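A.B. asks: So that we are looking at the same thing, I have put the structure below in structure tokens.
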Amino acid sequence: MNATFGMVAYRTPTTTGAFAVRWRGRWVKEYSPDLRFSELRPRRGEVVRRENDLLLSADALTTSVIVRAGLWVNGRQVISPFSTGNEHRLVFEYLMKPRRGWNTAAVFCATKTGAAAAAWSFASR
């Protein structure tokens, strides 16, 4: 993401996850208790129809000002978020045609003092 913060996202056969990292002479896992993600859509593990366009969305909420953020789908950064007019909340939305099988989404946000990331997977038939 930049010289200070980054993200590690992963998917195994049994789980999907992500976490933020901070450069301190080496990459160290970052924990930011004031930054959280909500309203992840589609829900983790949900099965969606492939014929329909799908609105992928997530909300980022924090007590600090968000300075950097992004959304990735299946390993590609697809958008930077748009703001709701409140610098403590960002809404990510992306209209997509899901690929057959498992799809993975990851979201990342950084403030001046910390960073956080989340990832989730959903299936398409």
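The values are calculated or read from the model by the stated rules, or taken from the named source; none is laboratory data. Since the structure is predicted, the reported quantities are computational estimates derived from the model, not experimental observations. We place every Cβ from the backbone using ideal geometry, glycine too, and count neighbours over all the protein chains shown. The area values use the complete protein model at the heavy-atom level, side chains included, leaving out ligands, DNA and RNA. Shrake-Rupley method; radii C 1.70, N 1.55, O 1.52, S 1.80 Å.
A.B. asks: Students sometimes get this wrong: rank 36, 11 by accessible area, probe 1.4 Å, all chains present, largest first.
C.D. replies: Values: 36 145, 11 115 Å².
Most to least solvent-accessible, the answer reads 36, 11.
A.B. asks: Only sites in a loop by DSSP and with at most 14 other Cβ atoms within 10 Å count here; which chymotrypsin sites (Phe, Trp or Tyr not before Pro) in region 1-61 make the cut?
C.D. replies: On the way: sites: 5, 10, 19, 23, 27, 31, 37; in loops: 31.
Sites meeting the loop and neighbour criteria: 31.
A.B. asks: Rounded, prolate or oblate: which one fits region 43-125, using the alpha carbon gyration tensor with axes a ≥ b ≥ c (rounded when a/c is under 1.5, else prolate when a/b beats b/c, else oblate)? Before the final figure, lay out each step's value.
C.D. replies: Details: a/c = 2.62, a/b = 2.16, b/c = 1.22.
Here region 43-125 falls in the prolate category.
A.B. asks: Mind checking the per residue accessible area of region 1-64 for me, 1.4 Å probe, whole number of Å²? Before the final figure, lay out each step's value.
C.D. replies: On the way: 4210 Å² over 64 residues.
Averaged over the residues of region 1-64, the accessible area is 66 Å².
A.B. asks: Here's another thing I want to ask about it. Rg and Dmax in Å for region 1-91, alpha carbons only: what are they?
C.D. replies: Rg and Dmax of region 1-91, Cα atoms, are 14.6, 47 Å.
A.B. asks: Let me check against my output: what whole-number percent is the relative contact order of the chain, with C-alpha pairs under 8 Å and at least 6 apart? Please list the in-between numbers first.
C.D. replies: Numbers: 299 pairs, mean separation 37.7, N = 125.
Computed over the chain, the figure is 30 percent.
A.B. asks: Okay, moving on. About the Cα centre of the chain, what is the dipole size in debye to 20, counting +1 per Lys and Arg Cβ and -1 per Asp and Glu Cβ, all else neutral? Intermediate results must be reported in sequence, preceding the final value.
C.D. replies: On the way: 19 positive and 9 negative charges, 99 e Å.
The calculated dipole for the chain is roughly 480 debye.
A.B. asks: What figure, in Å² to the nearest 10, do you get for the accessible area of residue 28 with a 1.4 Å probe and non-protein molecules left out?
C.D. replies: Surface open to solvent at residue 28 totals about 40 Å².
A.B. asks: With the crude spin-label approximation of a point 7 Å out along Cα→Cβ, what separation in nm comes out for residue 44 versus residue 23?
C.D. replies: Taking the simple label geometry, residue 44 and residue 23 are separated by 3.0 nm.
A.B. asks: Please report, as a whole percent, how much of the solvent-accessible surface of the chain comes from carbon and sulfur atoms (probe radius 1.4 Å).
C.D. replies: The C+S portion of the solvent-accessible surface of the chain is 49 percent.
A.B. asks: Here is a further query. From zero outward in steps of 5 Å, how is the percent of C-alpha pairs of region 6-45 spread across the bins?
C.D. replies: In order of increasing distance, the bins hold 6, 16, 22, 24, 19, 9, 4, 1 percent.
A.B. asks: Okay, which of region 40-82 sit inside 18 Å, backbone N to the point 7 Å along the Cα-Cβ direction of residue 10?
C.D. replies: Backbone N within reach: 74-75.
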